[in-house]
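*Asks:* Provided herewith is a single structure, encoded as structure tokens, for subsequent inquiry.
The values are calculated or read from the model by the stated rules, or taken from the named source; none is laboratory data. Source: prediction; values computed, not measured. FYI the Cβ positions are ideal-geometry reconstructions off the backbone, even for glycines, and counts take in every protein chain you see.
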């Protein structure tokens, strides 16, 4: 059985991503990333989690108005998406493959879009 092995990112909607990122940098000490509105949070064990601020009108989380989306790490994206489809889960037919890995999306039982990420390599 395929399973998520970690959390690769937490993404949320906000009124002004740059202001929000600056606030968290000042108050929590998370340095702003240079290539996206957010931060790369580095944990004590060396793992990293992407913390991303998106504009309030983003459709990246779907059109349901959910305030956040979680990115879950998987070892085999294709197998996980197949498993979800077989269990009747709504899975987005689109996938993204890039130098950052493979990405897929699905909808949970409460209508929240979530992202699955198979890291490169």
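*Asks:* Determine which single condition residue 40 fails, assuming it passes every other condition in (1) over 15 Å from the mean Cα position of the chain (by Cα); (2) within 19 Å of residue 6 (Cβ to Cβ); (3) not in a loop (DSSP other than H, G, I, E, B).
*Replies:* (1)
*Asks:* Regarding the stretch 76-88, can at least one residue be identified that is more than 16 Å from residue 4 (Cα to Cα) and without any contact (Cβ under 8 Å) to a residue 24 or more places away in the chain?
*Replies:* There is at least one residue in the stretch 76-88 that is more than 16 Å from residue 4 (Cα to Cα) and without any contact (Cβ under 8 Å) to a residue 24 or more places away in the chain.
*Asks:* Just the residues that are in contact with a strand residue (DSSP E or B) (Cβ under 6 Å, 6 or more places away or on another chain) and either surrounded by fewer than 17 Cβ atoms within 10 Å (Cβ to Cβ) or part of a helix (DSSP H, G or I) (or both), please, taken from the stretch 81-100.
*Replies:* Listed by number, the residues that qualify are 81, 84, 85, 89, 90, 92, 95, 96.
*Asks:* Give the stretch 1-23 a look and list any residue that's in a helix (DSSP H, G or I) and either modelled with pLDDT under 95 or touching a strand residue (DSSP E or B) at 6+ places or on another chain (Cβ under 7 Å) (or both), or say none.
*Replies:* Passing the criteria: 17, 20, 21.
Per-residue answers, yes or no, for (1) touching a strand residue (DSSP E or B) at 6+ places or on another chain (Cβ under 7 Å); (2) assigned to a loop (DSSP other than H, G, I, E, B); (3) farther than 24 Å from residue 94 by Cα:
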residue	(1), (2), (3)
45	no, yes, yes
49	yes, no, no
52	yes, no, no
66	yes, yes, no
